[in-house]
There are 2 protein chains.
Amino acid sequence: MTTAPQWVKDLKPAGPQGSDLLKAERAQSNVNVDQLKTFLFTKEGLERKHRILRILEKESIFDKSQNYFAGRVDRFETALARAKKSRQLQVKHKWTQEDKMVANELISEPGPYGLHESMFLITLRDQGTPEQHDKYLRKAEQYQYIGCYAQTELGHGSNVRGLETLAIWNPDDKTFTIHSPTLTASKWWIGSLGRTANHAVVMAQLVIGGKPYGPHPFVVQIRDLETHEPLKDIYIGDIGPKFGYNTMDNGFLLFNKVKVPHIAMLAKFSSVDPKTNRYIKPASASLVYGTLTWVRSTIVMQAGGVLARGVTIATRYCAVRRQFQDRDAKEWEKGENQVINYTTVQIRLLPLLATCFALHFTGKGMMALYAANQKKMSQDVGKAGDKQRGAGPEETHSGSDLLADLHATSCGLKSLASYTAVEGLEVCRRACGGHGYSSFSGIGPWYADYLPTATWEGDNYMLTQQVARYLLKSARAVLQGHEPTNDTTAILANFLARQDQGAAFDILGNDADLVAAFAWRSAFLTFEALRHRDEQKRAWNSLLVDFYRLSRAHSQYMVVKNFYETLHDGADGLDAPSLALLHKLFRLYALHTLESEASEFYTSSAVTVRQIQLARASAVMKLLEDIRPHAVRLVDAWDFPDWQLDSSLGRFDGKVYEDMFMRAAEQNPLNRVTVDPYPESPVLFKKNDAVALKQRSKL
Amino acid sequence: MTTAPQWVKDLKPAGPQGSDLLKAERAQSNVNVDQLKTFLFTKEGLERKHRILRILEKESIFDKSQNYFAGRVDRFETALARAKKSRQLQVKHKWTQEDKMVANELISEPGPYGLHESMFLITLRDQGTPEQHDKYLRKAEQYQYIGCYAQTELGHGSNVRGLETLAIWNPDDKTFTIHSPTLTASKWWIGSLGRTANHAVVMAQLVIGGKPYGPHPFVVQIRDLETHEPLKDIYIGDIGPKFGYNTMDNGFLLFNKVKVPHIAMLAKFSSVDPKTNRYIKPASASLVYGTLTWVRSTIVMQAGGVLARGVTIATRYCAVRRQFQDRDAKEWEKGENQVINYTTVQIRLLPLLATCFALHFTGKGMMALYAANQKKMSQDVGKAGDKQRGAGPEETHSGSDLLADLHATSCGLKSLASYTAVEGLEVCRRACGGHGYSSFSGIGPWYADYLPTATWEGDNYMLTQQVARYLLKSARAVLQGHEPTNDTTAILANFLARQDQGAAFDILGNDADLVAAFAWRSAFLTFEALRHRDEQKRAWNSLLVDFYRLSRAHSQYMVVKNFYETLHDGADGLDAPSLALLHKLFRLYALHTLESEASEFYTSSAVTVRQIQLARASAVMKLLEDIRPHAVRLVDAWDFPDWQLDSSLGRFDGKVYEDMFMRAAEQNPLNRVTVDPYPESPVLFKKNDAVALKQRSKL
């Protein structure tokens, strides 16, 4: 790259310098950042991250400076090189799976081994028999078999029952024929499939004797282990560029009557008896549902951290950026105001900062619940036997109450949390003004890669039906006089008992009342939906919008409750000032949510119009003012290394403008080209530093 | 590209076919598409578009099939080739400026001549003297001078007064010295500057005799006309990749004491007298403000069409896509349901469809108002003389009432319209489910390119202060007993007169009342804000959030009013069924907006809680049901050619899956690569069809 002339190098940003501004921000707050960090991530978690960071930083292949410039093929090539290097480092440093995940988070881009290392290995492990572990899992763990998880089809997304790919049992030679009868049966969106995988777990409709038995998983070799070319009668490719995720080779896959042996069907839960040619039912469908519930729980947990990245960048930049004078400023108050001092900026950023903590604590709570449930389940499986055979969780009864609650909760919270993170990141990007649009902000590319989370593992709209169905069922049980068995039925019963007296929650003065107001609104909406469905016999489809709102309301209650409980029951290790500040963040999250959804709170009589007005006009504004001085330290506590953020605007040291300029002037390959700008000239580039344009990454 | 084997070519999507589904959609509606098209765009407008489309389609350089794959440098190179070809076609076919704009809309990507053809030429024309027209404008019109408009700086966005670049008058040799004193003074984000322009209009702080006179425009040559290298003491480059807009070379620019002659300062409105070395004040600052008001008006107009693109794609795809059975479906109702039949999809798409019409009509209304005002202004300029000298529009008084109103309206509506289009496009993208994330959806890239509109020509948050300031001023005038002089003061006076009786608007039965309810809420919020500011003496900064809400409320009132008036006063040429349907769209837009902002409508007593509940639970749901059958024809009326949409999902003929598959399998360069997937192997690509990977576009 041409270096800038000396007079350019001598230039500094206009004062005050960003580094001084951030220093002043940190000086004015008494938040103990190390303590808060440890509270969020534990000492071990933090040490692990920094140990792995030191290793990654030294490898040139992980240098991020060209990420934002390259085209699709180059980006994929680099991502493949990085995936290989990560795996080599894992072997070399004996990283656990968790270490590897931390490395992936630091690298922060989806990679070609992504689905091999997650769904392929997990499915083989969880749904394979010991014999299948020997045949497939061992080689997969050694990366001799590299796999993907092929469920979604071109014409079929969330609806697994609608999948068209067939697996027809052949009683004669004890094989299955895997076949794609139509174009829409093509597997589509399958991560790691497009170029990388040589095996796939294929979800296909099992057919025995002409009769369908629903979708089941089959392990299929799809590419030659030597040449890596697709096998005969298999057609594979990458599905093309996307809004983000372009370092991943999401692929398509078609089968033309491909035979696989009996062992290809993953048989831990259900199978075909090769002697009788009969289907053997799963012992407990609930266990299968468990995986998705787990995946959704991790999404809730991650959403807080995903959003915190955007909030960190925007908060630091808004403390460095100065724009306009305060209109009320006195004559002698010279200079422009830090953007973070404007209330229109605070009202966007600070509630999101509170949301990061809210989601993090909620995710933690769910993971704990999930672990407790898994333990209980595996104890029960022996006893319960075939009581639940063939039943999805929405059909189960009071016996597995915890599972049903967890399943519904995970659906609603996954929808709310991923939606909130997606929306919030974009709010952060825009809060950075024009520079938020530059890739160097680090928010746009991160947002684009995170976006599919709102769609996968259950579309955020579809999922809310599961929550509504569960709440309606719980409400029916309460109406029938069943004793409450969990928190959901408890709040419904409480509402029923008190609805005639009405609520008089002191939302502005009492934290427990604030939580209770959210519970009240959720219960109110539940019984209203129940009336529509059971009494007025309204069509299910006509109620979907109400169900969406209901799910959102119930999930917001869960988040408020988890945040509250964390501060009241589990805040050991925090000093008084930090705890007091977290209480303010709790109130900001709750009150800001409450006033955004004001009309549901009125309508349910959980609060009065006057209370909402007060919440909006004074309580929230006062909280913004109180939290403002601590904003920079609070984002520091999320402990994102600069290497991970890869953002000019979010630099820890505040050297925002220097970094923007350096990246543009020195790392930008377009600046190696001199164009011929005149319309009649057929020449496009007069000078073209072709070697430099093509800085191919080497392994 | 490797062609698919015969068995793949023989595959069809599972039935019913997308083409049959769209045919059925069109058959079930009686909307006269041609008539509605003509109503929206006029006969001449439609003919112009299709005439130009036929020319563009024939040129291979405009082939869009590789747009979504290429990296930054390649994309820019192609965009430059396209810009040249467009200009050649303009000369060849004698296109007017309007023709050229239509061509740009069809090509649908920002190009390297973008700022030359807009702000550079406009500024030279509007702010140059006849002498300057001779020196600069003629050559610019011939593309010998290719220019850009350099205002924004690295450290300074919307705040023009904060710009750091200096233009120091040298009385000795009658020149100006253009200088960048700091790094943050670097011009930044300047479209067409990075690689293309050889001239710039530079906004710089004029300094005469050590005294600053504020920002003024200077024409500066920045690159050599032969070599195209930057001139001495000028440092230029492209600022790097962005979230979108990567076909444009947004650039940076630094000056190290560069001298330019006296004629370089554009002198139509203000100048430096070279004899006396004194500043000559502008005749009327209002005229300068006019340009930005005009730009904002066009943004409102365009926002409807921008959003309509997304709505067209999503509506067609949701009519083709089928997912899940209706839960209430009878046993014999086989097959999956069209996604557009789900109310959760309708509630997202149909209000947006209504919004497209609402914004289009509002934009039209503003343009008419602007034209009327310009006419009046140029008549007045002679008479008014220096009455308004040096005054921005917010300081002007009742005499130029229309201008003040238009300025405020354009700020608020620009903010609302661009925000609505941005948010709406993303809603459309997600309504397409997983496939919305593919670049082939055509929504993501379009969204990414449109996004900066929310920031430029006035940040959407900052702008709302202008609206609030104007409304407060108007309210003060009304309180002082001044007679209403325009619609804004009229609704404020009406509110004052009636506030004690209260409102009893029949929002569910009467369209005029629906408009009146929006006016009422806007007036209520205005007087509330006034009380906070004038009586309670609250700080300006503490009221910014209220001002934002106020601006939004007032702008929504303007949109509702414009929509209503178009249907009542200007709907000639529409038959009764179409007009009735547009009335439903009007009601859907108004009621859906009203219920989304419910709490402000309660609080102001414009409506009752019961009315909101009815609006939500029945009126809006009934409108969705009524409009649903016409959805596809209504989007057809926006008349987007497939060539322009460049979307698999939005194809007019419904062949969604065939097109997705073809693009992925046949146009995708990543599929020309065979990888070596094993972690230990240093080889990344075993086979690499390098020639094919590099399909450089030729002029």
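At B:Q6, with labels set 7 Å past Cα in the Cβ direction, how many nm apart are the copies from this one, shortest first?
7.5
Measuring from the lowest to the highest alpha carbon on each principal axis, how far does the range B:542-669 reach, largest first, in angstroms?
Answer, in whole Å and largest first: 60, 45, 28 Å.
If you bin the C-alpha pair distances of the protein assembly as shown every 10 Å from 0, what whole percents do you get?
With 10 Å bins starting at 0, P(r) equals 1, 8, 16, 22, 22, 17, 9, 3, 1, 0, 0.
Leaving out same-chain residues fewer than 8 places away, which lysines sit with a Cα under 18 Å from that of B:K281?
Filter leaves B:K211, B:K268, B:K383, B:K387.
Test of understanding: ordering A:R161, A:R296 by Cβ neighbours within 10 Å, fewest first, what list do you get?
In order of increasing Cβ crowding within 10 Å: A:R161, A:R296.
Of the DSSP beta bridges with both residues in the range A:114-225, give the percent that are antiparallel, rounding to the nearest 5.
For the range A:114-225, the DSSP antiparallel bridge percentage is about 70.
Can you tell me the relative contact order of the range A:1-122? Whole percent, Cα pairs under 8 Å, sequence separation 6 or more.
24
Suppose only helical runs count, i.e. DSSP H with n ≥ 4. What mean residue ellipticity at 222 nm does that imply for chain A under -39500 (n - 2.57) per run, divided by all residues and rounded to the nearest 500 deg cm²/dmol?
The per-residue figure over chain A is -16000 deg cm²/dmol.
Expressed in nm², what is the orientationally averaged projection area of the convex hull enclosing the Cα positions of the range B:609-657?
Taking a quarter of the hull surface, the average projection is 4.9 nm².
Tell me, what HN-Hα J-couplings in whole Hz come from the Karplus equation 6.51 cos²θ - 1.76 cosθ + 1.60 at θ = phi - 60° for each residue of the range A:489-496, using x for Gly and Pro?
So the J values, rounded to whole Hz, are 5, 5, 5, 5, 5, 4, 5, 4.
B:K92: which lysines have alpha carbons under 25 Å from its alpha carbon, excluding same-chain residues fewer than 8 sequence positions away?
Correct list for B:K92: B:K43, B:K49, B:K58, B:K64, B:K84, B:K100, B:K139, B:K698.
Could you tell me the ratio Rg/Rh of the range A:446-517? Both radii from Cα atoms, Rh via Kirkwood.
We get a ratio of 1.15 for the range A:446-517.
Roughly how far apart, in whole Å, are the Cα centres of the range A:140-216 and the range A:516-539?
40
Could you quote the convex hull projected area for the range A:57-155, Cα atoms only and averaged over all directions, in nm²?
8.1
What is the ratio of the Cα radius of gyration of chain B to 2.2 N^0.38 Å, with N the residue count, to two decimals?
1.05
If you average 1/r across every pair of different Cα atoms in the range B:568-628 and take the reciprocal, what Kirkwood value do you get, in Å?
Answer for the range B:568-628: a Kirkwood hydrodynamic radius of 12.7 Å.
Taking the Cβ of A:V427 as the centre, find all other residues whose Cβ is under 14 Å away and add up their charges (Lys, Arg: +1; Asp, Glu: -1).
-1
So the label point sits 7 Å from Cα along the Cα-to-Cβ vector; using that for A:R161, what distances do you get to the other copies, in nanometres, sorted shortest first?
From this label point to the equivalent ones elsewhere in the assembly: 6.6 nm.
What are the distances, in nm and sorted shortest first, from the label point of B:E565 to the label points of the same position in each other copy, with each label point placed 7 Å from Cα along the Cα-to-Cβ direction?
Ordered by distance, the counterparts are at 5.6 nm.
Only counting other Cβ atoms within 10 Å, I'd like A:S418, B:S522 sorted with the fewest neighbours first.
Taking fewest neighbouring Cβ atoms as first place, the list is B:S522, A:S418.
Near A:K259, which lysines are there with a Cα under 16 Å away, not counting those fewer than 8 places off in the same chain?
Candidates past the 8-residue exclusion: A:K174, A:K232.
Among A:I239, A:I52, which comes first, second and so on when ranked by fewest other beta-carbon atoms within 10 Å?
Placing the least packed residue first, the sequence is A:I52, A:I239.
Given N residues in the range B:474-623, what is Rg(Cα) / (2.2 N^0.38 Å)?
1.11
Counting every Cα pair in the range B:176-236, what percent are over 19 Å apart?
33
With the alpha-carbon atoms as the only input, what is the per residue convex hull volume for the range B:1-114 in Å³?
160
Each reported figure results from applying straightforward, stated rules to the coordinates on display, with no laboratory input. Everything quoted here is computed from the prediction, not taken from an experiment. For neighbour counting, all protein chains shown are included, and Cβ atoms are generated from backbone atoms with ideal geometry for every residue, glycine included.
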